[in-house]
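The values are calculated or read from the model by the stated rules, or taken from the named source; none is laboratory data. On a predicted model such as this, the values are computed, not experimentally measured, just so you know. Cβ coordinates were reconstructed from backbone atoms using ideal geometry, including for glycine residues, and neighbour counts include every protein chain displayed.
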Amino acid sequence: MRRIHVIGIGAGDPDQLTLQAVKALRDTEVFFLLDKGEVKADLTRLRRDMLDAHVPEGTYRVVEARDPERDRSAGGAAYSPAVGDWRSARADVYERLIAEELGEDGTGAFLVWGDPALYDSTLAVLEEVLRRGAVAFAYDVVPGISSVSALVARHRTGLNRVGRPVQITTGRRLAEGFPEGVDDVVVMLDAHQAFRRYAGQDGEGAEDLDIYWGAYIGTPDEILVSGPLAEAAPRIERLRAEARERKGWIMDTYLLRRRTPEQ
């Protein structure tokens with residue numbers, strides 16, 4: 001039966017590959033890479049650099065396919081259906097790649113930024129392919145260093161404080177309100193900079209929060225900012241806009257931390 005490795009490759013730094021990930025890389029015959037276009041070509045290059053560094057030349061093939069476009073204008077009730085349509089389109093691509101490019105007893109792999117279990121669609125897409133029943137395979141998952149872990153490591157802080165919970169959410173959810181009962185919130189996928197609502201920049205009072213923000217974490221383009229949210233927010237907005245203009249895309253993550261009386 002065909003086998004698939006879903007390999008977490010870390011947040012961007014090639015040194016973040018685990019020994020388990022390297023072992024899985026060397027066990028792979030065909031690597032499937034989704035091309036996100038020229039703007040994000042450096043993401044593909046980073047993957048290829050990792051293969052060059054850790055897998056003997058001539059022992060593997062790389063097969064690229066264009067990543068389906070997602071309707072990023074969909075909001076509100078249309079958001080989840082739009083994501084579902086995009087995942088199904090990805091499943092079409094995965095199904096074709098596995099069926100056409102991998103032998104019946106072959107081993108393939110998908111290289112996933114960060115950790116495959118945290119805000120990534122690869123596992124859900126593979127499950128959809130299996131449910132269709134057109135191609136059979138077994139798969140395993142190799143965990144990776146997530147952007148969340150890399151973020152707090154670079155800022156030399158922890159995710160949580162003693163006896164307190166931490167919540168990981170999206171910018172879309174944060175825009176609806178700060179989670180109740182939580183003082184430490186990690187935010188991902190925030191294209192609209194929802195933190196501004198709590199920095200006193202959207203017509204509301206500033207909250208007593210600190211921010212630990214990072215973009216392109218683990219890569220040569222890495223940018224880090226931390227400090228009181230009201231003071232750091234304008235700088236983050238400026239740096240984020242400049243970086244997006246320069247590279248054409250941005251991946252960023254941040255931790256919002258409410259100050260407590262004991263601080």
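Look at the stretch 107-163 and say how many of its residues are surrounded by fewer than 20 Cβ atoms within 10 Å (Cβ to Cβ), touching a residue at least 12 places away in the same chain (Cβ under 8 Å) and over 18 Å from Val187 (Cα atoms).
14
Going by what's in this entry, would Thr44 be described as at pLDDT 95 or above and β-branched (Val, Ile, Thr)?
Against the criterion (at pLDDT 95 or above and β-branched (Val, Ile, Thr)), Thr44 does not qualify.
Restricted to the stretch 208-231, and to residues that are touching a strand residue (DSSP E or B) at 6+ places or on another chain (Cβ under 9 Å) and outside any strand (DSSP E or B), which residue is farthest from Ala191 (Cα to Cα)?
Within the stretch 208-231, the match that is farthest from Ala191 (Cα to Cα) is Asp208.
Would you be able to say whether some residue in the stretch 41-50 is in contact with a Ser or Thr (Cβ under 6 Å, 6 or more places away or on another chain) and touching a residue at least 24 places away in the same chain (Cβ under 8 Å)?
No; the residues of the stretch 41-50 include none that is in contact with a Ser or Thr (Cβ under 6 Å, 6 or more places away or on another chain) and touching a residue at least 24 places away in the same chain (Cβ under 8 Å).
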